[in-house]
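In what follows, a structure is listed as structure tokens, so that the remarks can point back to it.
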Amino acid sequence: MTTFVLRFSPTPRGARLARRLASHQMDLWGWAYGSPVHDTVELIVAELAANAVTHGGVPGRDAELRLARHDGEGLVRVEVSDVRGERLPVLAADAHGAPLPDRGRGLVLVGALAEEWGVTERPGGPGKTVWAVVTTGPALRPAPSVAPSGTVRS
């Protein structure tokens, strides 16, 4: 398993940074910009990061993005953590299950794109982690290996 971890400020700018760096990391791992797996992970990160800063943000307390690449299982797990454990995500829907016009569509999108998703307590601290699993198949090109000194080999 290979992981990428980023702490980001609970602001729209922080959420945007999380999306952009997740996009870059997926490209480094071999899923090129514009490929279905890349774009799926990017959209899920964008939604979960936006939710974390909108509904789970506390000034001065960072949110966290974690991408975990499970090569043997052919999946990427996306996790976004915030400090507001009491504010769990809810699918806002009308009596027929349709998303409300002004909210609740983002998690419907996550549910449609991810193999599965859910919420757990934040490990090692207060809050919650919203996670989603994306099936990947093989990368379009091999991921670079990292030398012990921290340099990247292609």
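Structure notes:
- Within the option set Gly34, Gly56, being small (Gly, Ala, Ser) and more than 14 Å from Gly127 (Cβ to Cβ) holds for one residue only, Gly34.
- Residue check, Arg69 under 20 Å from Thr136 (Cβ atoms) and within 11 Å of the chain's Cα centre (by Cα): no
- Checked against the criterion of being of a type in the set (A, V, I, L, M), surrounded by fewer than 16 Cβ atoms within 10 Å (Cβ to Cβ) and out of contact with any strand residue (DSSP E or B) (no Cβ under 7 Å at 6 or more places or on another chain), the candidates Ala50, Ala32 yield just one match: Ala32.
- Flag for Leu65 being in contact with a Phe, Trp or Tyr (Cβ under 9 Å, 6 or more places away or on another chain), closer than 21 Å to Leu113 by Cβ and outside any helix (DSSP H, G or I): yes
- Between Val130, Val83, Val108, the distinction of being modelled with pLDDT of 90 or more and either under 30 Å from Arg61 (Cα atoms) or open to solvent by 100 Å² or more (accessible area, probe 1.4 Å) (or both) belongs to Val130 only.
- Any hit, the stretch 18-32, residues being in a helix (DSSP H, G or I), more than 22 Å from Leu109 (Cβ to Cβ), in contact (Cβ under 8 Å) with a residue 12 or more places away in the chain and not aromatic (Phe, Trp, Tyr): yes
- Being surrounded by fewer than 21 Cβ atoms within 10 Å (Cβ to Cβ) and not charged (D, E, K, R) is a property that Ala18 lacks.
- From the list Pro123, Pro89, the lone residue that is under 24 Å from Trp29 (Cβ atoms), at pLDDT 75 or above and in a loop (DSSP other than H, G, I, E, B) is Pro123.
The values are calculated or read from the model by the stated rules, or taken from the named source; none is laboratory data. Keep in mind that this is a model prediction, so the values were computed, not measured. Don't worry about glycine lacking a Cβ; one is built from the backbone with ideal geometry, like all the others, and counts go over all protein chains shown. Just the protein is used for accessible areas: all its heavy atoms, side chains included, with ligands, DNA and RNA removed. Shrake-Rupley method; radii C 1.70, N 1.55, O 1.52, S 1.80 Å.
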